[in-house]
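Chemist: Have a look at this one.
Nothing in this text is a laboratory measurement; each read-out follows from the coordinates by a stated rule. A quick note: this is a predicted structure, and the numbers were derived from the prediction, not measured. So basically every Cβ, Gly included, is an ideal-geometry build from the backbone, and we count neighbours across all protein chains shown.
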Amino acid sequence: MHEATQYNARIIATFGGAWSNHIVAAAFACHLLQIPCKGFIRGEKPAVLSHTLLAAQSYGMELCYISREAYKNKEAIQQQHPAYYWINEGGYGVEGAHGAESILHLASHIEKYTHIVAATGTGTMLAGIIRAAHAGQQVIGISAMKGNMELEQQVKKLLTGQEAAEFTIQHAYHFGGYGKHPALLIDYIKQCWQQYQLPLDIVYTGKAFYAMEQMIQSHTIPQGSNVLFIHSGGLQGNLSLPTGTLPFS
């Protein structure tokens with residue numbers, strides 16, 4: 001968004017699915033900056049809009065629905081609208097990673113942590129965290145997608161090659177795939193609320209927090225480590241659940 005304002009963008013456009021955190025974030029940022037925005041949404045317009053899409057609309061984003069087949073060729077869509085300032089799906093890109101570097105500025109004494117754990121979709125936020133992390137720190141991304149083995153390379157493309165921290169991505173905690181939320185995950189999210197008063201979501205942070213605890217218990221994260229968990233939001237995804245499924249709203 002910083003780059004978009006520098007270029008005096010008149011319309012900002014981006015891509016995403018019906019439950020995309022990025023779509024809501026982009027809509028809200030454009031609302032704050034008072035820049036018109038359009039979201040090109042994967043799939044036909046649903047009979048009932050997701051809470052994510054409703055939120056994006058409430059911030060003033062115009063939603064444009066694209067068939068799944070056409071969505072595969074995003075470059076063609078961009079070429080049809082050359083006057084728009086385009087942001088990649090999930091904010092993917094060097095600028096997005098640069099913006100994500102500031103996340104670690106929110107933690108005090110960041111140098112004390114041995115491990116930093118975060119959910120990851122496109123890898124943009126994870127790349128920013130890696131870029132900002134210190135020497136000796138281990139950054140661990142938890143992929144929300146099933147079998148997205150290209151993710152490591154996507155992250156590396158956003159790195160400078162001068163990063164001091166190392167990173168790994170765990171692919172075993174997707175709970176069946178992107179957006180899937182079996183009873184085990186729902187029960188775990190309830191348990192975390194009861195124990196820690198910590199709200200987690202069914203798409204990203206619930207899976208990532210579960211993965212972190214499993215890695216601690218199995219000593220994949222060694223005993224005595226000091227772990228920082230990045231809560232990346234996305235709680236609006238829980239609104240797809242029947243009312244009362246979770247003890248928090």
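Chemist: Running Debye on the stretch 100-213 with equal point scatterers at the Cα sites and no solvent, what base-10 log of I(q)/I(0) appears at q = 0.10, 0.18, 0.20, 0.21 Å⁻¹?
Modeler: Ignoring solvent entirely, the Cα scatterers give -0.30, -0.91, -1.07, -1.14.
Chemist: If exposed trypsin sites (Lys or Arg not before Pro) are those in a DSSP loop with at most 15 other Cβ within 10 Å, what is the longest stretch of the chain that has none? Walk me through the numbers before you get to the answer.
Modeler: Details: sites that count: 10, 72, 146, 157, 180.
Between exposed loop sites, the widest span is 73-145.
Chemist: For the stretch 87-168, which GluC sites (Glu not before Pro) are both in a DSSP coil and crowded by at most 10 other Cβ atoms within 10 Å?
Modeler: Of the GluC sites (Glu not before Pro), the ones in loops of the stretch 87-168 whose Cβ has at most 10 other Cβ atoms within 10 Å are 150.
Chemist: For every other residue with a beta carbon closer than 13 angstrom to the beta carbon of residue 36, add +1 if it is Lys or Arg and -1 if Asp or Glu, then tell me the sum. Let's see the in-between values first.
Modeler: Details: positive: 10, 38; negative: 62.
Result for the local shell: +1.
Chemist: Hey, another quick one. Under the rule that a partner needs its Cβ under 4.7 Å from the first Cβ, which Cys of the chain have none?
Modeler: 64, 192 - these cysteines have no disulfide-compatible partner (Cβ-Cβ under 4.7 Å) in the chain.
Chemist: Something else now. Mind checking which of 9, 43, 170 is farthest towards the positive end of the chain's charge dipole, using Cβ charges of +1 (Lys, Arg) and -1 (Asp, Glu) about the Cα centre?
Modeler: So the residue we want is 43.
Chemist: Projected onto the charge dipole of the stretch 133-245 (+1 at Lys/Arg Cβ, -1 at Asp/Glu Cβ, origin at the Cα centre), which of 154, 202, 226 gives the Cα projection farthest towards the positive end?
Modeler: 202
Chemist: At 222 nm, what helix-only mean residue ellipticity would the chain give, in deg cm²/dmol to the nearest 500, using -39500 (n - 2.57) for each DSSP H run of four or more? If you can, show how the numbers build up before the last one.
Modeler: Values: 10 runs with 86 residues, N = 249.
That comes out to -9500 deg cm²/dmol.
Chemist: If you take every residue apart from residue 70 with its C-beta less than 13 Å away from the C-beta of residue 70, what net charge results, scoring Lys and Arg +1 and Asp and Glu -1?
Modeler: +1
Chemist: Could you tell me whether the chain comes out rounded, prolate or oblate from its Cα gyration tensor? Rule is a ≥ b ≥ c as square roots of the eigenvalues, rounded for a/c under 1.5, then prolate if a/b exceeds b/c, otherwise oblate. Provide the component values of the computation, followed by the final result.
Modeler: On the way: a/c = 1.83, a/b = 1.28, b/c = 1.43.
Verdict is oblate for the chain.
Chemist: Here is a further query. With an 8 Å cut-off on Cα pairs and a minimum separation of 6 or more residues, tell me the relative contact order of the stretch 98-209 in percent.
Modeler: The normalised contact order for the stretch 98-209 reaches 25 percent.
Chemist: Could I ask something else about it? Quote the relative contact order of the chain in percent (integer), defining contacts as alpha-carbon pairs under 8 Å separated by 6+ residues.
Modeler: 16
Chemist: In addition: Could you tally the net charge around residue 180, taking each other residue with its Cβ under 11 Å from the Cβ of residue 180, Lys/Arg +1 and Asp/Glu -1?
Modeler: Values: positive: 146, 207; negative: none.
Its environment carries a net charge of +2.
Chemist: How high is the relative contact order of the stretch 9-98? Use alpha-carbon pairs under 8 Å, at least six apart in sequence, and give a whole percent. Before the final figure, lay out each step's value.
Modeler: Numbers: 139 pairs, mean separation 34.8, N = 90.
After rounding, I find 39 percent.
Chemist: What's the tally of Lys pairs in the chain whose alpha-carbon atoms lie under 24 angstrom apart, where the two lysines are 8 or more places apart or on different chains?
Modeler: Lysine pairs satisfying the spacing and distance rule in the chain number 21.
Chemist: While we're on this one: Suppose every K and R has +1 on its Cβ and every D and E has -1 on its Cβ; what is the size of the dipole of the stretch 102-189 about the Cα centre, in Debye to the nearest 20?
Modeler: Value, rounded to 20: 140 debye.
Chemist: With r as the distance between the Cβ atoms of residue 74 and residue 149 and R0 = 25 Å, compute the FRET efficiency 1/(1 + (r/R0)^6) and round to 0.05. Mind showing how you got there, number by number?
Modeler: On the way: r = 21 Å, r/R0 = 0.84.
So, using R0 = 25 Å, E works out to roughly 0.75.
Chemist: Same structure, new question: Going by amide H atoms built from the backbone, whose H comes under 5 Å of the H on residue 178, apart from near neighbours?
Modeler: 146
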